[in-house]
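To keep things clear, I will list the structure first and then write my remarks on it.
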Amino acid sequence: MLGIIGGTGLTQLANLEITHRKVARTPYGEPSGALTFGRLCDQDVVFLARHGYGHTIPPHAVNYRANLWALRDNGVDRVVSVATVGCIHRDLLPGMLVVPDQIIDYTHGRESTFFVGNDKPVTHLDFTFPYCDAMRAALLRAAASADIRLRDGGVYGAVQGPRLETAAEINRMERDGCDMVGMTGMPEAYLARELELCYAAVGAVVNYAAGRGASADGIQMEEIQAVLGEVMSQVRRLLEQLVTDEATVCPLP
Ligand code: HPA
């Protein structure tokens, strides 16, 4: 079953016919909220709001382990993770969607593995390609069939937050090769790998990164709000096309 993790601006899916909600408990504590089960375009999906349904959990305090564990424990094998990003690369503009293909992790102090404790062997998993190819390809196909402009690929720089960056930090991130910046991409992507989930992300660009473009003199929250609604309605359309395509590719028995 498909799991959808929604970020800022996507705390619910308007067209999801909710069947039930479930408060999930995990060995790693509580997820950000109850899992919302339902049908989207006639397909079973589970939705979870990463920052809680009231948007109260900041990026560094999200229990990423509990979120992914709860999804997997409830039948999820594929995950689309939606998150807002600031754009660094000049081909990215506020209002656009992007499916990153690489990550640089600048976060710290987050619980970033399930392999802890004396009973667990030390485990190093391959993470050369951090996202699931099949899910990335499905997102790109869905964007093409729904006529949604979406950039294929890019390096996601995951920062600690909750503060935004300085202009110098963004310059350094650009030199590092980052195309976009966000606060929630890690350790989520790696934890999904540890759980063998097919995981891909959709970045919704809501602002120019600090010191760039319209943010040259500072990031204006009003500008983010102005873009957020429209870009998330594109995300909703993308997700609806994704599940519709899946139904065509693998018809239900
Ligand atoms: N920086 C970090 N995270 C973000 C940004 C940003 O500019 N925009 C949206 N999420």
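The values are calculated or read from the model by the stated rules, or taken from the named source; none is laboratory data. Small disclaimer: the values here were computed from a predicted structure and weren't measured. Please note: Cβ atoms are built from the backbone with ideal geometry, for glycine as well, and neighbour counts cover all protein chains shown. In case anyone asks, the SASA skips ligands and DNA or RNA and just uses the protein heavy atoms, side chains included. Shrake-Rupley method; radii C 1.70, N 1.55, O 1.52, S 1.80 Å.
Just the residues that are surrounded by 12 or more Cβ atoms within 10 Å (Cβ to Cβ) and free of Cβ contacts under 8 Å to residues at least 60 places away in the same chain, please, taken from region 130-143.
Residues of region 130-143 surrounded by 12 or more Cβ atoms within 10 Å (Cβ to Cβ): 130-132, 135-143.
Selection gives A137, L140.
Looking only at strands (runs of 3 or more DSSP E) that lie completely in region 26-94, which have at least 2 residues being over 29 Å from E174 (Cα atoms)? Even if it seems obvious, please write down each step before you answer.
Details: elements: 35-40, 43-49, 78-87.
Result: 35-40, 43-49.
May I ask you to verify whether V85 is within 16 Å of the ligand (Cβ to nearest atom) and open to solvent by less than 20 Å² (accessible area, probe 1.4 Å)? Don't jump to the end; show me each part of the working.
Details: within 16 Å of the ligand (Cβ to nearest atom): yes; open to solvent by less than 20 Å² (accessible area, probe 1.4 Å): yes.
For V85, the condition - within 16 Å of the ligand (Cβ to nearest atom) and open to solvent by less than 20 Å² (accessible area, probe 1.4 Å) - is met.
Kindly establish whether D105 is modelled with pLDDT of 95 or more, charged (D, E, K, R), within 16 Å of the ligand (Cβ to nearest atom) and within 28 Å of A24 (Cβ to Cβ). Spell out the reasoning first.
Working: modelled with pLDDT of 95 or more: yes; charged (D, E, K, R): yes; within 16 Å of the ligand (Cβ to nearest atom): yes; within 28 Å of A24 (Cβ to Cβ): yes.
So D105 fits the description; yes.
Scan E194, E174, E169 and give me the residue that is within 12 Å of the ligand (Cβ to nearest atom), more than 16 Å from the chain's Cα centre (by Cα) and more than 18 Å from G7 (Cα to Cα).
Numbers: E194 fails: within 12 Å of the ligand (Cβ to nearest atom); E174 fails: within 12 Å of the ligand (Cβ to nearest atom).
On inspection, the qualifying residue turns out to be E169.
Conditions tested, residue by residue: (1) among the hydroxyl-bearing types (S, T, Y); (2) surrounded by fewer than 21 Cβ atoms within 10 Å (Cβ to Cβ); (3) touching a residue at least 40 places away in the same chain (Cβ under 8 Å); (4) within 16 Å of the ligand (Cβ to nearest atom).
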| site | (1), (2), (3), (4) |
| --- | --- |
| I4 | no, no, yes, no |
| T19 | yes, yes, no, no |
| Y28 | yes, yes, yes, no |
| V45 | no, no, yes, no |
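Before we move on, is R163 of a type in the set (K, R) and under 22 Å from R212 (Cβ atoms)? Give the derivation first.
Numbers: of a type in the set (K, R): yes; under 22 Å from R212 (Cβ atoms): yes.
In short, yes.
Tell me which residues, restricted to region 197-213, are near the ligand (Cβ under 10 Å from one of its atoms) and of a type in the set (V, I, T).
Those that are near the ligand (Cβ under 10 Å from one of its atoms) and of a type in the set (V, I, T): V205, V206.
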